[in-house]
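For reference, the structure is listed below as structure tokens.
The values are calculated or read from the model by the stated rules, or taken from the named source; none is laboratory data. Values in this document were obtained by computation on a predicted structure and should not be read as measured data. All Cβ positions, even for glycine, are placed from backbone atoms using ideal geometry, and neighbour counts span all protein chains on display.
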Amino acid sequence: MSAPEDMTLPAKSSLPELDGAGLETLYREMLLIRRVEELAAKAYTQRKILGFCHLYIGQESVAVGAAASTKDDYWIAAYREHGHAMAKGVPANEMMAELFGRATGSSKGYGGSMHIFDKKHRFMGGWGIVGGHVPLANGVGWAIRQRKENRVCVCYFGDGAMHQGAFFEALCLAQLYKLPCVFICENNYYAMGTPLHRQSAVTELAERAKGVGMLSESFEGFDVEIVRERVARAADFARAGNGPVLLEIKTYRHRGHSMSDPAKYRPKGELEEKKLLDPLRISAARLTEDFGYTDAQMEAIREDIYTEAQAAWDFAESSPEADASKLYEYIYAPDGGQ
């Protein structure tokens with residue numbers, strides 16, 4: 001079965017054209033994620049953050065671009081979710097406090113790096129099992145339909161997750177029931193340390209959607225403006241009741257799979273080449289070259305963001321540790337199911 005020939009994504013999204021102020025906002029959001037992640041790396045080396053820690057450095061344009069059209073929707077992500085949480089609206093203070101295991105964190109300090117969660121911002125959590133969270137997006141999509149909400153569920157996962165059985169089953173059911181879901185594969189070309197060509201015979205991963213008759217697109221996501229527009233088209237399509245969409249957004253992580261990974265498996269020169277496509281570099285160049293931002297203005301933006309990121313560190317460090325006596329209070333629903 002293939003997608004009906006008359007079903008295509010919109011040629012243009014419902015978003016307004018992006019001006020200089022709008023791009024500055026996106027740039028600030030990406031820069032804040034970058035700086036908070038850099039501080040998280042520092043904190044990890046100082047053992048202020050324990051356990052696993054997967055950084056989003058290099059991929060900021062995907063989450064920030066997607067948030068432009070889905071800020072009020074539901075998101076669910078895997079364990080490299082710090083950037084997604086912040087792009088969705090989770091404050092840097094609460095995100096950093098969660099990494100530190102503090103009571104002021106978004107999950108009260110009990111979730112840590114891989115389990116950021118924020119009900120208020122409809123961020124339905126980071127999940128640690130590779131591909132295991134993709135079916136959960138179907139549950140969220142079903143709930144959206146039952147509640148008659150004008151929303152979609154955006155589900156993020158990596159290229160490695162696309163080889164899991166749970167992924168294929170989720171796509172099959174999402175298309176069968178025409179659920180309002182946008183599945184986003186952040187293809188950073190490595191499943192932990194295994195390059196894409198060694199993990200999959202099909203390297204154009206968006207092609208996987210054809211097996212269930214789902215619409216899909218594949219594009220490079222280094223430019224936040226491109227991501228903003230392309231994700232918005234998919235969200236408009238799904239929100240209108242046309243069914244789910246699979247997007248393969250090609251990106252690149254600048255760090256290893258996790259903080260314990262030195263990433264020595266990369267070919268020589270690859271990282272330096274990909275850094276030429278750094279999302280921050282692309283947006284900064286457009287602000288200065290196309291919108292006339294001066295060096296002084298760009299430096300002022302950086303100072304503002306660095307100050308905000310440091311304040312998040314200070315907030316986390318000064319917050320009380322999670323209360324161990326309440327650890328099991330959040331495992332089961334209270335009596336009566338309320």
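The table below lists the values:
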item	result
Qualifying residue in region 91-102 (condition: surrounded by fewer than 23 Cβ atoms within 10 Å (Cβ to Cβ) and either of a type in the set (Gly, Ala, Ser) or on the phi > 0 side of the Ramachandran plot (or both))	yes
Members of region 128-137 that are touching a Phe, Trp or Tyr at 6+ places or on another chain (Cβ under 8 Å) and either outside any loop (DSSP other than H, G, I, E, B) or buried (at least 21 other Cβ atoms within 10 Å of the Cβ) (or both)	Gly131, His133, Val134, Leu136, Ala137
Search result, residues across region 45-101 that are under 19 Å from Cys185 (Cβ atoms), in contact (Cβ under 8 Å) with a residue 60 or more places away in the chain and of a type in the set (Lys, Arg)	Arg80
Region 175-189 - residue that is in contact with a Leu (Cβ under 7 Å, 6 or more places away or on another chain) and in a strand (DSSP E or B) and, of those, nearest to Thr203 (Cα to Cα)	Asn187
Residue match in region 162-180 (condition: surrounded by fewer than 17 Cβ atoms within 10 Å (Cβ to Cβ) and closer than 22 Å to Gly65 by Cα)	no
Residue within region 183-198 that is aliphatic (A, V, I, L, M), closer than 24 Å to Thr8 by Cβ and either touching a Pro at 6+ places or on another chain (Cβ under 8 Å) or at pLDDT below 95 (or both) present	no
Some residue of region 60-69 being more than 12 Å from the chain's Cα centre (by Cα) and either at pLDDT 95 or above or part of a helix (DSSP H, G or I) (or both)	yes
Condition broken by Arg228, with the remaining ones in (1) buried (at least 18 other Cβ atoms within 10 Å of the Cβ); (2) over 23 Å from Cys155 (Cα atoms) satisfied	(2)
Which numbered condition Arg35 fails, given (1) crowded, with 17+ Cβ neighbours inside 10 Å; (2) in contact with a Ser or Thr (Cβ under 9 Å, 6 or more places away or on another chain); (3) of a type outside the set (A, V, I, L, M, F, W, C); (4) farther than 24 Å from Phe157 by Cβ	(2)
Every pair of residues 6+ apart whose Cβ atoms lie under 9 Å, when the first sits in region 296-325 and is more than 15 Å from Ala43 (Cβ to Cβ) and without any contact (Cβ under 8 Å) to a residue 40 or more places away in the chain while the second is surrounded by fewer than 15 Cβ atoms within 10 Å (Cβ to Cβ) and of a type outside the set (Gly, Ala, Ser)	Gln297/Thr288; Met298/Thr288
Among residues of region 214-234, those that are aromatic (Phe, Trp, Tyr) and either part of a strand (DSSP E or B) or modelled with pLDDT under 95 (or both), counted	1
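Residues checked against (1) at pLDDT below 95; (2) among the basic types (Lys, Arg); (3) in a loop (DSSP other than H, G, I, E, B); (4) over 13 Å from Tyr156 (Cα atoms):
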position	(1), (2), (3), (4)
Cys53	no, no, yes, yes
Gly58	no, no, yes, yes
Ile76	no, no, no, no
Tyr79	no, no, yes, no
Met86	no, no, no, yes
Met95	no, no, no, yes
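Each row is one residue, and each column tells you yes or no for (1) surrounded by 12 or more Cβ atoms within 10 Å (Cβ to Cβ); (2) closer than 16 Å to Leu280 by Cβ; (3) among the basic types (Lys, Arg).
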position: Gly292; (1), (2), (3): no, no, no
position: Met298; (1), (2), (3): yes, yes, no
position: Asp304; (1), (2), (3): yes, yes, no
position: Thr307; (1), (2), (3): no, no, no
position: Phe315; (1), (2), (3): yes, no, no
position: Glu321; (1), (2), (3): no, no, no
position: Leu327; (1), (2), (3): yes, no, no
position: Ile331; (1), (2), (3): no, no, no
